[in-house]
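Let me begin by presenting the structure, written as structure tokens, before commenting on it.
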Amino acid sequence: MANVAIIGAQWGDEGKGKVVDWLASRADIVVRFQGGHNAGHTLVVGNQTYKLSLLPSGVVRGKLGIIGNGVVLDPDALLSEIAKVQAQGLEVGPHNLRIAENTPLILPLHSAIDKAREMARGKNAIGTTGRGIGPAYEDKVARRAIRLCDLAEPETVSHKLDELLLHHNTLLAGLGAETFAKQDLLEKILGWAPKLLPFAEAVWERLDQARHDGKRVMFEGAQAVMLDVDHGTYPFVTSSNTVAGNAAAGAGIGPHAIGTVLGIAKAYTTRVGSGPFPTELFDDTGKLLGERGHEFGTVTGRPRRCGWFDACLVRQAVKVGGVQGLVLTKLDVLDGLPELKICTGYEINGELVKRLPAAMAAQAAAKPVYETIEGWSGSTRGARSWAALPAQAIKYVRRIEELVEAPVTLLSTSPERDDTITVSDPFAG
Ligand code: IMP
């Protein structure tokens, strides 16, 4: 089985939508293995634009989509996303969407807690999407989460709600936020049962069968390595493991079945939310990157912070994420800039280091060490072969490959699906 996992190699929003769509069109099954409706990407298929947050992108390509147990699932968000794409003419049902029965659910109280806590953090806020992702993962690890399979057992839901409300209402009251009444929540949750249970199954069995049948599976990551709860810029991270290794645990397969791991990175860097960002630009170049790259969050609409390509950071993401090939996107945004900078390391308290350290103050103190590279005057937009690229643009890409210690497998040169330079076929194994 030649499988592929694709993960973000920076802080998310690397332009995964187009590449994931291209890969999905070549796969049989597409699996989401972490995150929730904090993710978001736009897929353009024919004359339809789909904005997906939870649905695995394969669904719009007529493939089987699977939501793995590593995801935290907001039933209302899923049902409204299904209704939205159905209104666009796409059929979504148990025939093309399966959800792991052991997937934890996001309840209304999770986003209430998320928002109340962010508010209480004031200027130290993480800048979460406010969708209850963190609190839902906390409940999973604390062994009190309501999971999809529980919807078939009203008694189980009722008992779990007692424990959940004891915990969350205490916290909400302490934060000065509104508390939740058990009966209201119970009715809401049990109301989801007939709509969601038809999608539920032991997806590990289906994936095992797919392996036996030689089907191609794509594991679709959300967020990115620098937002990984262990390896990212903690605490300014999301609450799941975003590295490719988590595709195994988050879907219910063995580590050997993940296949080729691709890491996706922009030719520059962006970040939404708070946290360290050594190469962030506060000048006109930063503004230009934001405008040209249309850098606004898909989920929250927040403007993204922009900066130079950080090769030191991406190299780290390549190592901890197990990235074997890089997908470089948005090279065209750099067209016409007279010179470009690539960060090759950091100066921290007078010392040169080649990795972003784990400690908070050290991360905040990291000053980028740059090498400068001449820009190019021609256009890279829409290029479909190396020959169509200006020589200096190729030099920039080659330098990135050297510094991050991974080859470029795919180079995306515009939002159009076919404007891609394919160096090697990721499904070739
Ligand atoms: P949470 O995932 O909502 O808890 O947010 C935690 C951090 O992850 C915040 O900085 C968010 O901006 C960031 N984040 C979550 N999802 C995405 C995404 O899909 N793209 C980029 N950043 C994200």
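The values are calculated or read from the model by the stated rules, or taken from the named source; none is laboratory data. Note that the structure is a prediction, hence the values are computed from the model and not measured. So basically every Cβ, Gly included, is an ideal-geometry build from the backbone, and we count neighbours across all protein chains shown.
For the reader, a short list of remarks on this structure follows.
- There is no residue in the range 79-101 that is part of a loop (DSSP other than H, G, I, E, B) and within 15 Å of the ligand (Cβ to nearest atom).
- Residue within the range 230-238 that is surrounded by fewer than 24 Cβ atoms within 10 Å (Cβ to Cβ), assigned to a helix (DSSP H, G or I) and assigned by TED's automatic domain parsing to the domain that holds residue 39 present: no
- Filter pass, residue 254 being outside the structural domain of residue 128 (by TED's automatic domain parsing), surrounded by fewer than 21 Cβ atoms within 10 Å (Cβ to Cβ) and in contact with a helix residue (DSSP H, G or I) (Cβ under 8 Å, 6 or more places away or on another chain): yes
- Number of residues in the range 34-51 that are more than 10 Å from the ligand (Cβ to nearest atom), assigned to a loop (DSSP other than H, G, I, E, B) and either basic (Lys, Arg) or closer than 30 Å to residue 140 by Cβ (or both): the value is 1.
- Scope the range 110-133; condition within 11 Å of the ligand (Cβ to nearest atom) and aliphatic (A, V, I, L, M); matching residues: 125, 126, 133
- Sub-6 Å Cβ pairs linking a first residue in the range 383-411 that is surrounded by 22 or more Cβ atoms within 10 Å (Cβ to Cβ) to a second residue that is assigned to a helix (DSSP H, G or I) and small (Gly, Ala, Ser), at least 6 apart or interchain, are 404/311, ordered by first then second residue.
- The set of residues in the range 276-327 being more than 19 Å from residue 345 (Cβ to Cβ), within 16 Å of the ligand (Cβ to nearest atom) and in a loop (DSSP other than H, G, I, E, B) consists of 293, 294, 295, 297, 298, 299, 300, 301, 302, 304.
Residue-by-condition table, conditions (1) within 18 Å of residue 106 (Cβ to Cβ); (2) under 29 Å from the mean Cα position of the chain (by Cα); (3) within 16 Å of the ligand (Cβ to nearest atom); (4) among the β-branched types (Val, Ile, Thr):
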residue	(1), (2), (3), (4)
177	yes, no, no, no
197	yes, yes, no, no
206	no, yes, no, no
210	no, yes, no, no
225	no, yes, yes, yes
232	no, yes, yes, no
240	yes, yes, yes, no
243	no, yes, yes, yes
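- For the range 112-227, the helices (runs of 4 or more DSSP H) that sit wholly inside it and include 3 or more residues that are of a type in the set (Gly, Ala, Ser) are 154-174.
- Scope the range 4-56; condition buried (at least 24 other Cβ atoms within 10 Å of the Cβ), at pLDDT 90 or above and among the small types (Gly, Ala, Ser); matching residues: 5, 8, 9, 12, 24, 27, 35, 36
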